[in-house]
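Data first, discussion second: the structure below is written as structure tokens.
The numbers here are math on the coordinates, done by the rules we state, and not lab data. Treat the numbers as computed from the prediction; the structure is a model and nothing was measured. As a convention, Cβ positions derive from the backbone with ideal geometry for all residues, glycine included, and neighbour counts pool all protein chains shown.
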Amino acid sequence: MKSQGMNRRAMLRGAAVAAVATPALVGKGIAQGEVTWRVQAHWPKASSSFTDSLGVIATALEERTEGAFKLELLGAGEFAKGPDIYNIVRKGVVPMGTISPSYILDNAQAASFAYGIPGTLRQAWEMEHAIKNLGIEDLVNEDLASDGVRLMSEKVLPTEMVVSKKIESAADFQGLKIRSSGKMLDYLAAAGAAPQFVPGSELYQSLSSGVVDGAHWGAAIGAQSMSLWEVCKYHYKPVLAQTTDAFIMNEDALAELPDELRTALVDLVQNRFFLRSAEYQHKEAIALSEGVANNGVEVMQLPQDVLDMLAEASARILEEEGQKGERAAKAADIYRTLMSDLGYA
């Protein structure tokens, strides 16, 4: 009996290995016709996410489909940049892109909640849970369906500011020109800053020329990969928000794919979200340590009077965003319930 039990366990282990290996195999018919999708990123090629997020997806997809499905990766601005990426995917100019959900506030009621309401959720896992398990991503896709677009979250990442000037009081924050996007613009403005949107491809030049005094491009990893610490030596905490980046795909293009290729892409993006989010938190800590050691970065805390104004703005933004419609109200309730359960509200 013991031998039979051991054999059964061995068989189960073998079946599990086979199941893991199966996604790398595609139908023989697919190999006869190679598929290549152009993917317009909102990340410049200098951004770490262009390589570590999009590049990893492209390599894994080609390996999983035995070369049958390839992605041609375009850096920010090659076809479109920033908010324009949504429209070229919607129109089918390219079948796939990457965006910040802050670019599609006019297209989906719950987009602000997918991007992240500043001053609410504090840890990456909280945002992951809200996006995938509690239904924020689904609410966004209910609106995008009419445009024939599907959004799939790419990762959760922290948002923190880097600034060229020291902030020691609310008075120092007044009028600071901060590169921002989405509802973060309102959030920073509420504390007296003068935020403005600058595309990623123009960000370094805008900082180095003094067009803006600071920025958020993610947090430490973004600042490091985009060389923002060369001109902004003050890295400010706490986290302004847990935010997301996202993939968007044209639904007609997805439907035209052979079943095996469509499944390979969707499953890969879905699974990679959790892996990349965890990996990103680890790399954040490494990047910030390197910034302090190698770039002379000073890690600073925002003054309490600035934090007080930001807290008031957060509550107001959550309320305002929840009034945009039925799906927005559901998203706001997801946030409020989670924050209450966590003892934040």
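Structure above, values below:
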item	result
Estimated FRET transfer efficiency when R0 is 35 angstrom, pair Gln174-Ala145 (beta carbons, to 0.05)	0.20
Neighbour-count ranking [beta-carbon atoms within 10 angstrom, fewest first] of Thr36, Thr98	Thr36, Thr98
Candidate aspartates and glutamates - alpha carbon under 17 Å from Lys166, same-chain residues fewer than 8 apart omitted	Asp213, Glu230, Glu298, Asp305
In Hz, Karplus ³J(HN,Hα) per residue of segment 78-93 (6.51, -1.76, 1.60; θ = phi - 60°; x = Gly, Pro)	5, 10, 7, 9, x, x, 6, 5, 4, 5, 6, 6, 4, 7, x, 4
Diffusion constant of segment 24-162 at 20 °C, which comes from Stokes-Einstein with the Kirkwood Cα-pair radius and 1.002 mPa s, µm²/s	131 µm²/s
Cα gyration tensor category, rounded, prolate or oblate, for segment 210-325 with a/c compared to 1.5	oblate
Exceeding the 24 Å Cα-Cα cut-off - candidates Lys183/Lys330; Lys177/Lys237; Lys81/Lys165; Lys81/Lys177; Lys45/Lys81	Lys81/Lys165
Mean Cα-pair separation over length for the chain, i.e. relative contact order, pairs under 8 Å, 6 or more apart, %	22 percent
Helix-only mean residue ellipticity at 222 nm for the chain, each DSSP H run of n ≥ 4 adding -39500 (n - 2.57), per residue, nearest 500	-13500 deg cm²/dmol
Ascending count of other beta-carbon atoms within 10 Å, so fewest first, for Ile334, Ile286	Ile286, Ile334
Amide H partners (placed H, <5 Å) of Lys237, local residues excluded	Met300, Gln301, Leu302
Net charge, Lys70 excluded, C-beta distance under 9 Å - Lys, Arg +1, Asp, Glu -1	-3
Environment charge of Met184, counting only residues whose C-beta is closer than 13 Å and scoring Lys/Arg +1, Asp/Glu -1	-1
The chain: Cα Rg divided by the 2.2 N^0.38 Å rule of thumb	1.07
Kirkwood-type radius of segment 51-101, with distances r between different C-alpha atoms, in Å	11.9 Å
